[in-house]
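Here the structure is laid out as structure tokens; the discussion comes afterwards.
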Protein chains: 2
Amino acid sequence: MSSPGSAVPPSAPSSGRGPFPAGPIRLGPKSGAALVLAAAEVSAGFWFTRREVNARTSIPQGPGLLESAGNLQNLRVAAGTAEGAFRGDYPFMDSDVYKWLEAASWQLSRRPPEDGGRLAAEVERIVSLVADAPQPDGYLNTWFQLLDKGERYANLRWSHELYCAGHLMQAAVAHHRATGRTELLDVAVRFADHIDSVFGPPGSGKPIDGIDAHPEVETALVELYRETGERRYLDLAGYFVDRFGHGLHGGEAYCQDRVPVREATSVEGHAVRQLYLLAGVTDLATETGDTGLRAAAERLWEDMTRTRTHITGGLGARHDGEAFGSPYELPNDRAYCETCAAIASVQWSLRMALLTGEARYSDLIERTLYNGFLSGVSLDGERWLYVNPLQVRDGHTDTDGDQAARRTRWFRCACCPPNVMRLLASLEHYLASADADGLQIHQYVTGRYTAHLDGAPVTVRAETDYPWRGTIALTVEQAPADRSWTLSLRVPRWCDAFRVHSGGTVHDSADAPVSEGWLRLRGPWAPGDRITLELSMRPRLTAADPRVDAVRGCVAIERGPLVHCLEGVDHPGGLDDIVLDPTRPLTEKHRPDLLGGVTTITAAGHRRRITDPGWWPYTSQGSPTPATDGEPVELTAIPYYAWANRGDGAMRVWLPTR
Amino acid sequence: MSSPGSAVPPSAPSSGRGPFPAGPIRLGPKSGAALVLAAAEVSAGFWFTRREVNARTSIPQGPGLLESAGNLQNLRVAAGTAEGAFRGDYPFMDSDVYKWLEAASWQLSRRPPEDGGRLAAEVERIVSLVADAPQPDGYLNTWFQLLDKGERYANLRWSHELYCAGHLMQAAVAHHRATGRTELLDVAVRFADHIDSVFGPPGSGKPIDGIDAHPEVETALVELYRETGERRYLDLAGYFVDRFGHGLHGGEAYCQDRVPVREATSVEGHAVRQLYLLAGVTDLATETGDTGLRAAAERLWEDMTRTRTHITGGLGARHDGEAFGSPYELPNDRAYCETCAAIASVQWSLRMALLTGEARYSDLIERTLYNGFLSGVSLDGERWLYVNPLQVRDGHTDTDGDQAARRTRWFRCACCPPNVMRLLASLEHYLASADADGLQIHQYVTGRYTAHLDGAPVTVRAETDYPWRGTIALTVEQAPADRSWTLSLRVPRWCDAFRVHSGGTVHDSADAPVSEGWLRLRGPWAPGDRITLELSMRPRLTAADPRVDAVRGCVAIERGPLVHCLEGVDHPGGLDDIVLDPTRPLTEKHRPDLLGGVTTITAAGHRRRITDPGWWPYTSQGSPTPATDGEPVELTAIPYYAWANRGDGAMRVWLPTR
């Protein structure tokens, strides 16, 4: 065991990738990725608890909800084993089933069958429903089989046929990995072959030159290529990606059709569509080495993160079109931030992290997971948010299309709940990576991270109370005796001070070998070596770039990776008149009794006394602020992810300071 | 001629209303209105110019645009005089024709036919097209006559059938008043009788208990009642108004169906729908004395104005659903503020002004006319804004559904342009009123105001350069010799200082007889008496109620009734980094050469120097403002209504002060 070594440059991709079991991103043989996924397990702590709820409540409730909403019955009717009309309002009802199957499959790949095999049986039952439903040529979409027969591929702007196919492929890959069974993979492969026989560029002899206006099949086809080795799927994904932006959907930004992705300079249009497309773009860049696609992905990720990302990691500022807004259009009160967009962002950023090796992608993943993603599911795993706003005013009442302030059991458009389930069930894919020189830990959990260096296993055990405490205790459990390697620890961008103990040596933020967000600790390492990373979790006030007009004069309270918020239930006088005093200290307190155990932050503030403006709320006095300081008030901030778990009510992330 | 008299209490309604020629609000015999419309003419100045452009450009171009868009051809095909398919995307295409006919009719009622009778001929030509189109029972809607035959009244959530009928009725009233001809009135009456034979409450024997999800027919039926004396139309309007809020449209706020209007405490849902409904509510309260409806209208107007009105008078904060937002949800950057909502607000507020006699309603009318309404039409009268935002960022590019930054020749949904035309053509209806005790001047123009007191004419001539100058010179031209009466002048709410000269006496804001916005000058008056009102037009900085989160730390520049804005074209370095220094004086300059002649306001400011935040736009430093003062910059503010007349570009109403 040595002292922490010096920083090392990013390594070339490992040529000897081991049999990493996890994840859709099992890279192809000629991948240009800097990193490959490493195996990880989560055995206790914050995410363990969230995943337990997912495994014990959310996922098991899925089949019942899919039955009530009609999704499963649609498959039976399509198969001819039941009679009835199509149920549901959308042609993407099938995708909810596929996302649930993907979630359940990832769950099966991990969970010892302590449920008596019930989940496995449910999965096989529903896989059978799916397997019985396709038409003889492999086509599968119950809407078009039952409702609009003969309209196949006739309205790709709206039909979601390839979108659904993509989710089928992703589910099939997960099911195959988890169970080794091929029933679902066969369905996906037959459908993919059918799509490949139908879609192609002019001159290809294929009947349709077209794209689904909702991207998803692109990344899924690359995953199917990785699973099957069938190069045609990769080529088909490449064809689809490059057909966006050429007017096949009227040039609509909503459909990602305004500009070719290679030429795009900013994210735009429907956020989930943009992000799924960019996941596919990054997959293609990774597998083919296409430098134009890589440059576009890097450019668009930076544009998005720098100018269009809410502090929670939430994406898509606009309700109208569920869309990205202009640069710095990041409203507090009407942030849309669809849960699915947060999920898509995490999926895309992981692909960028592997392709580039850069830590910043995992910084955004961390922020999104702990905030704008996790807010999408209630602590009990039974209720969901589709929209994740940063503010709900006092006395807010829901009106049409504006149910952001209430958690809901299911949705007419139920894309988000099974999407949350599949991300939580596959969370271990987002935690660590490897290259020829060592192991990189991207996210801190209590558990184990395992890589293979030239075939030799490297295992590091971690124990931490993260995100409540900043101490991560790492122990090397396996390491090759004959070579040095680098353990890389991501130092989160939010962290302004840390210490690392290793082999009797201590470094801090001033002298530790940190490069571009990676703390690089060079071995050799031996089993039993211990490294302790201590990240300062001092609560902090955060301000936005002054160009974010909507939160001028405001701060947010953060601690570690968590964004905090005030909730009405903790402030009986309401939130709308509260002003935070930024000169007073923040204090923290861990409350095991509250919201499943959270650290709250207390700040000092006061309530504004507002001069009654009468019937007109604008005043032209000398003072631009027709309000004076009123009674002092103690502010209690909880983690944002935990909001809306104590009934409906007001909430606020950004707090005025004057 | 006497000196200014003392304030007098609001008078009881005049029992001896004279033959006022103008406007849809020719009140019924038992009206409960405090005031009645007085006649007015505009002979020079600001609105004269805008109306000339409307008369010489906008209105004459209407028939050609309605022909190109298919509206007129639809009428011919419905009449069987032409063949072809329905053109246009919406079932309310006919209403564009009706609104144009209404505009042209008001225009005819005013304009000496210096155009050789061309407009009159166009009106009669298009009236003939309309008159030929109805079905034998009086029903008229070309969409349902041509496209969805047999689907009459089957989908009132979407069909706009009664909405179109309402606009037909309003056009017919205007046409009848202007020309004395009955061709169009006959069509409207037959359709109204048809609707009355079909719609009614359960138990009425009428086949349909229903409402159009887009209100409009309610106010129109009251106008038709006023024109024809047919009480059934008033009763039918009352039935419709009280059927909202009972779940006939699924309880959707968008359709004004969430809560009965008598119980509503806040405006909500689609802004134009809400406002047209409230115009009808106020019409009913006026004609029937219904105190429940009156109380609802007063309550909702105050809620709207106090908490949901943009500084421009613009209404409807949300793009999503074209809807009112939560209280104080008044975004600068994404204000929707549909032009039609501004028009509907003006129409409703006039009804409130007459019903109550209160000046504040005309304060809102003034603000809306000069700002959020007038911005809807270009200075040349040829291009239109559907949405009237308060900010367009530097480098803004239009994407789907977001064409707010560009004036457009016509729209697929072309509700706004002919709506602007009809309001401008009927503007004299909004200028003055009378009661038994005298004349009230609501809006200041160069022209004449005429009322009748017990049958005797009272005429006041006005000359003014308003809104560029605050001096209004009034001369009594006609007055009864045998009685005293009160000349009431509205002192705008924005005005903090004024003087009034009358009969050698001068009063100022400290000692003038002002009560609730009315400066009451008691006569007797004689022809030749002169009154001069001088309103201070000092430019001012205006701040919003601190609960308007979106513009915290910002001010707007105002002068008189005009809200000002910065435009990119005047600030080559862009607008996004500009900070205004509120401690430095504002200076004004009239620029006859600019934008048809405007007074610009100059302010001092600087450009922020922003610390490059890298890829993440939030910082947790001690200072909440990662920006420092940069180069000084002189800011030039133009009136908001004149923006987007010098090409596309950035614009900003609210300006940060730090």
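The values are calculated or read from the model by the stated rules, or taken from the named source; none is laboratory data. Keep in mind that this is a model prediction, so the values were computed, not measured. In this analysis, Cβ positions are derived from the backbone assuming ideal geometry, glycine residues included, and neighbour counts consider all displayed protein chains. Side chains included, ligands, DNA and RNA excluded: accessible areas come from the protein's heavy atoms. Shrake-Rupley method; radii C 1.70, N 1.55, O 1.52, S 1.80 Å.
Does A:THR583 qualify as being closer than 30 Å to B:THR611 by Cα, out of contact with any Leu (no Cβ under 7 Å at 6 or more places or on another chain) and open to solvent by 60 Å² or more (accessible area, probe 1.4 Å)?
Details: closer than 30 Å to B:THR611 by Cα: yes; out of contact with any Leu (no Cβ under 7 Å at 6 or more places or on another chain): yes; open to solvent by 60 Å² or more (accessible area, probe 1.4 Å): yes.
Judged against the criteria, A:THR583 is a match.
Would the range A:287-306 turn up any residue that is within 9 Å of chain B (Cβ to nearest Cβ) and surrounded by fewer than 22 Cβ atoms within 10 Å (Cβ to Cβ)?
Taking the range A:287-306 as the starting set, the residues that turn out to be within 9 Å of chain B (Cβ to nearest Cβ) are A:301-302, A:305-306.
Filter once more, keeping what is surrounded by fewer than 22 Cβ atoms within 10 Å (Cβ to Cβ): A:302, A:306.
Among the residues of the range A:287-306, at least one is within 9 Å of chain B (Cβ to nearest Cβ) and surrounded by fewer than 22 Cβ atoms within 10 Å (Cβ to Cβ), which makes the answer yes.
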| Could you list, in sequence order, the residues of the range A:604-630 that are modelled with pLDDT under 75 and more than 27 Å from A:GLY568 (Cβ to Cβ)? | A:GLN621, A:GLY622, A:SER623, A:PRO624
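From B:ASN141, B:ASN155, which residue is among the polar types (S, T, N, Q) and either loosely packed, with under 15 Cβ neighbours inside 10 Å or farther than 29 Å from B:GLY251 by Cα (or both)? Can you show your working first?
On the way: B:ASN141 fails: either loosely packed, with under 15 Cβ neighbours inside 10 Å or farther than 29 Å from B:GLY251 by Cα (or both).
The unique qualifying residue is B:ASN155.
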| note | With the first residue restricted to the range A:178-199 and required to be acidic (Asp, Glu), and the second required to be open to solvent by less than 20 Å² (accessible area, probe 1.4 Å) and part of a helix (DSSP H, G or I), Cβ contacts under 6 Å at 6 or more apart or on different chains are A:GLU183/A:VAL127; A:ASP196/A:LEU236
| Taking into account only those residues within the range A:322-335 that are at the interface with another protein chain (Cβ under 7 Å from one of its Cβ atoms) and acidic (Asp, Glu), which is surrounded by the fewest Cβ atoms within 10 Å (Cβ to Cβ)? | A:GLU329
| In the range B:315-343, which residues are within 26 Å of B:HIS429 (Cβ to Cβ) and out of contact with any strand residue (DSSP E or B) (no Cβ under 8 Å at 6 or more places or on another chain)? | B:CYS340, B:ILE343
| field | Residues satisfying the stated conditions in the range B:524-536, i.e. crowded, with 22+ Cβ neighbours inside 10 Å and either part of a loop (DSSP other than H, G, I, E, B) or at the interface with another protein chain (Cβ under 8 Å from one of its Cβ atoms) (or both) | value | B:TRP525
| query | Is it fair to say B:LEU300 is within 27 Å of A:ILE610 (Cβ to Cβ) and of a type in the set (A, V, I, L, M)? | reply | yes
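Hand me the list of strands (runs of 3 or more DSSP E) wholly inside the range A:351-461 holding 2 or more residues that are open to solvent by 10 Å² or more (accessible area, probe 1.4 Å). Working first, answer last.
Working: elements: A:432-435, A:438-441, A:446-453.
Those strands (runs of 3 or more DSSP E) span A:446-453.
Has the range B:629-650 got any residue that is in a strand (DSSP E or B), within 14 Å of chain A (Cβ to nearest Cβ) and within 23 Å of A:ALA543 (Cβ to Cβ)?
Yes, the range B:629-650 has at least one match.
Restricted to the range B:462-508, and to residues that are in a strand (DSSP E or B) and in contact with a Pro (Cβ under 7 Å, 6 or more places away or on another chain), which residue is surrounded by the fewest Cβ atoms within 10 Å (Cβ to Cβ)? Walk me through how you get there before you give the answer.
Taking the range B:462-508 as the starting set, the residues that turn out to be in a strand (DSSP E or B) are B:462-464, B:471-478, B:486-490, B:498-502, B:505-508.
With in contact with a Pro (Cβ under 7 Å, 6 or more places away or on another chain) added as a condition, the list becomes B:476-478, B:500, B:502, B:505, B:507.
Details: B:VAL476: 20, B:GLU477: 16, B:GLN478: 17, B:VAL500: 24, B:SER502: 22, B:THR505: 10, B:HIS507: 18.
Result: B:THR505.
Quick one: which of A:GLY314, A:GLY372 is under 20 Å from B:ALA550 (Cβ atoms) and in contact with a Gly (Cβ under 8 Å, 6 or more places away or on another chain)? Quick ask: steps written out before the conclusion?
Values: A:GLY372 fails: under 20 Å from B:ALA550 (Cβ atoms).
Going through A:GLY314, A:GLY372 in turn, just one is under 20 Å from B:ALA550 (Cβ atoms) and in contact with a Gly (Cβ under 8 Å, 6 or more places away or on another chain): A:GLY314.
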| query | Exactly one of (1) among the polar types (S, T, N, Q); (2) without any contact (Cβ under 8 Å) to a residue 60 or more places away in the chain; (3) within 13 Å of chain A (Cβ to nearest Cβ) is unmet by B:THR408. Its number? | reply | (3)
| B:GLY325, sole failed condition from (1) in contact (Cβ under 8 Å) with a residue 40 or more places away in the chain; (2) of a type in the set (Gly, Ala, Ser); (3) within 21 Å of B:ALA253 (Cβ to Cβ) | (1)
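Out of everything in the range A:133-166 that is aliphatic (A, V, I, L, M) and assigned to a helix (DSSP H, G or I), what residue ends up being nearest to A:GLN274 (Cα to Cα)? Give the derivation first.
Taking the range A:133-166 and keeping what is aliphatic (A, V, I, L, M), we get A:133, A:140, A:146-147, A:154, A:156, A:162, A:165.
Subset that is assigned to a helix (DSSP H, G or I): A:146, A:162, A:165.
Numbers: A:LEU146: 30, A:LEU162: 15, A:ALA165: 18 Å.
It comes out as A:LEU162.
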| remark: Note on the range B:190-206: residues open to solvent by 20 Å² or more (accessible area, probe 1.4 Å) and part of a loop (DSSP other than H, G, I, E, B) are B:PRO201, B:PRO202, B:GLY203, B:SER204, B:GLY205, B:LYS206
| query | Any residue at all in the range A:169-181 that is more than 25 Å from the chain's Cα centre (by Cα) and among the polar types (S, T, N, Q)? | reply | no
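Does B:GLY200 satisfy the condition of being within 26 Å of A:THR397 (Cα to Cα) and over 24 Å from the mean Cα position of the chain (by Cα)?
Judged against the criteria, B:GLY200 is not a match.
Identify, from the list A:THR356, A:THR397, A:THR339, A:THR368, the residue that is modelled with pLDDT under 95 and of a type outside the set (A, V, I, L, M, F, W, C). Outline the logic, then answer.
Numbers: A:THR356 fails: modelled with pLDDT under 95; A:THR339 fails: modelled with pLDDT under 95; A:THR368 fails: modelled with pLDDT under 95.
Among A:THR356, A:THR397, A:THR339, A:THR368, only A:THR397 is modelled with pLDDT under 95 and of a type outside the set (A, V, I, L, M, F, W, C).
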| said: Just to be sure before I move on: is B:HIS319 within 11 Å of another protein chain (Cβ to nearest Cβ), more than 20 Å from B:ASP212 (Cβ to Cβ) and either touching a residue at least 24 places away in the same chain (Cβ under 8 Å) or surrounded by fewer than 24 Cβ atoms within 10 Å (Cβ to Cβ) (or both) in the structure I sent? | reply: yes
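Residues A:SER536, A:SER515: which one is more than 18 Å from A:GLN391 (Cβ to Cβ) and either in contact with a Cys (Cβ under 8 Å, 6 or more places away or on another chain) or aromatic (Phe, Trp, Tyr) (or both)? Can you show your working first?
Numbers: A:SER515 fails: either in contact with a Cys (Cβ under 8 Å, 6 or more places away or on another chain) or aromatic (Phe, Trp, Tyr) (or both).
One residue alone meets the criteria, A:SER536.
I need a count of the residues in the range B:210-260 that are away from every other protein chain (no Cβ under 14 Å) and open to solvent by less than 10 Å² (accessible area, probe 1.4 Å). Break it down into steps so the answer makes sense when it comes.
Keep residues of the range B:210-260 that are away from every other protein chain (no Cβ under 14 Å), which gives B:210-212, B:214-244, B:246, B:248, B:260.
Retained after the next criterion (residues that are open to solvent by less than 10 Å² (accessible area, probe 1.4 Å)): B:210-212, B:215-224, B:233-234, B:236-237, B:240-241, B:244.
The qualifying residues number 20.
Given the options A:THR600, A:THR619, name the one that is within 14 Å of another protein chain (Cβ to nearest Cβ) and either without any contact (Cβ under 8 Å) to a residue 40 or more places away in the chain or over 24 Å from A:ALA497 (Cβ atoms) (or both).
Working: A:THR600 fails: within 14 Å of another protein chain (Cβ to nearest Cβ).
The unique qualifying residue is A:THR619.
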| Taking the condition surrounded by fewer than 14 Cβ atoms within 10 Å (Cβ to Cβ) and either part of a strand (DSSP E or B) or more than 10 Å from chain B (Cβ to nearest Cβ) (or both), does A:ASP593 pass? | yes
| Do you know which of the residues in the range B:538-590 that are among the aliphatic types (A, V, I, L, M), away from chain A (no Cβ under 12 Å) and in a strand (DSSP E or B) is nearest to A:ARG547 (Cα to Cα)? | B:LEU566
